[in-house]
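Written out below as structure tokens is the structure these notes cover.
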Amino acid sequence: MHRRGFFFSTLRWLFGSPLAVGLTSLAATFTVWLLASVRFMFPNVLIEPPLRFRVGRMEQYVPGQVETRHADRHGVWIVNGHFEGRLQLYALRVECTHLGCTTIWLESEQKFKCPCHGSGFYKDGIHFEGPAPRPLERYAIHLADDGQIEVDKSRTFRHELGEWEDPDSFIPV
Ligand code: FES
């Protein structure tokens, strides 16, 4: 037999034979197993926004303004407003205190409104209509060393517990 003929008949024997089928199946199984193992090493991870984040400098916040820019990503309203006669900058949690729906800011009516059952909150977070049993909560807020405002969502302050008097719950303006 010529060399060429021998080569082609060997190839035909290899790839058409049960041995070739078995080896191919084995290789495919091993590949699947290998991919699954690599995938296992990198499990699904939910990337949450950080609990501490910066929201700019004091001069960016006009008195009387509710900043809505951080509501979607961080779940917070930054307000430069009056509370009991004092001008303060504070960070209100967007969740309604009834059942936790996300409130919306109505600029024309100057109030936070809950779309679920109609609770309403003044700009300072105090509830005045609907079933919400208490005001919106505040997050900790302070001026960092570099002059940036930093919000810390790991700490909350509740008005009904007298916690809005805590100096960490606002920045005096
Ligand atoms: S969840 Fe807001 S009023 Fe019910």
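The values are calculated or read from the model by the stated rules, or taken from the named source; none is laboratory data. Since we're looking at a predicted model, the values are computed, not measured. Because the Cβ atoms are built from the backbone with ideal geometry, glycine has one as well, and the counts that use them run over all protein chains shown. All accessible areas refer to the heavy atoms of the entire protein, side chains included, with ligands and DNA or RNA removed. Shrake-Rupley method; radii C 1.70, N 1.55, O 1.52, S 1.80 Å.
Does any residue in region 152-173 that is surrounded by fewer than 16 Cβ atoms within 10 Å (Cβ to Cβ) come within less than 7 Å, Cβ to Cβ, of a residue that is in a helix (DSSP H, G or I) and among the small types (Gly, Ala, Ser) six or more places away or on a different chain, and which pairs are these?
163/169
Look at residue 55 and say whether it is in contact (Cβ under 8 Å) with a residue 12 or more places away in the chain, away from the ligand (no atom under 16 Å from the Cβ) and under 21 Å from residue 152 (Cβ atoms).
Yes: the conditions hold for residue 55.
Tell me which residues, restricted to region 117-151, are surrounded by fewer than 16 Cβ atoms within 10 Å (Cβ to Cβ) and in a strand (DSSP E or B).
128, 129, 142, 143
Those residues that are in contact with a Phe, Trp or Tyr (Cβ under 6 Å, 6 or more places away or on another chain) and farther than 22 Å from residue 59 by Cβ, I need them from region 144-155; list them, please.
153
Can you tell me which residue among 141, 47, 78, 126 is outside the structural domain of residue 163 (by TED's automatic domain parsing) and either modelled with pLDDT of 95 or more or within 19 Å of the chain's Cα centre (by Cα) (or both)?
Residue meeting the stated conditions: 47.
Being open to solvent by 10 Å² or more (accessible area, probe 1.4 Å) and within 19 Å of residue 123 (Cβ to Cβ) narrows it down to one residue among 109, 59; which is it?
Values: 59 fails: within 19 Å of residue 123 (Cβ to Cβ).
The match here is 109.
Select from region 84-116 the residues that are assigned to a strand (DSSP E or B) and polar (S, T, N, Q) and write down the one among them that is nearest to residue 151 (Cα to Cα).
At the first step, the residues of region 84-116 found to be assigned to a strand (DSSP E or B) are 86-93, 95, 102, 104-106, 111-113.
From what is left, the residues that are polar (S, T, N, Q) are 88, 102.
On the way: 88: 14, 102: 19 Å.
Checked region 84-116; the qualifying residue nearest to residue 151 (Cα to Cα) is 88.
Output the number of residues of region 101-118 satisfying the condition of being of a type in the set (Gly, Ala, Ser) and either more than 10 Å from the ligand (Cβ to nearest atom) or on the phi < 0 side of the Ramachandran plot (or both).
1
Hey, any hits in region 68-77 for a residue that's open to solvent by 10 Å² or more (accessible area, probe 1.4 Å) and farther than 19 Å from residue 149 by Cα?
Scanning region 68-77, I find no residue that is open to solvent by 10 Å² or more (accessible area, probe 1.4 Å) and farther than 19 Å from residue 149 by Cα, so the answer is no.
Starting from region 104-121, keep only residues that are aromatic (Phe, Trp, Tyr), then list their pairs with residues that are within 11 Å of the ligand (Cβ to nearest atom) and part of a loop (DSSP other than H, G, I, E, B) whose Cβ atoms are within a distance under 6 Å, requiring at least 6 positions of separation or different chains.
112/103; 121/136
For region 86-100, indicate whether the set of residues that are within 10 Å of the ligand (Cβ to nearest atom) and buried (at least 19 other Cβ atoms within 10 Å of the Cβ) is non-empty.
Yes, because at least one residue in region 86-100 is within 10 Å of the ligand (Cβ to nearest atom) and buried (at least 19 other Cβ atoms within 10 Å of the Cβ).
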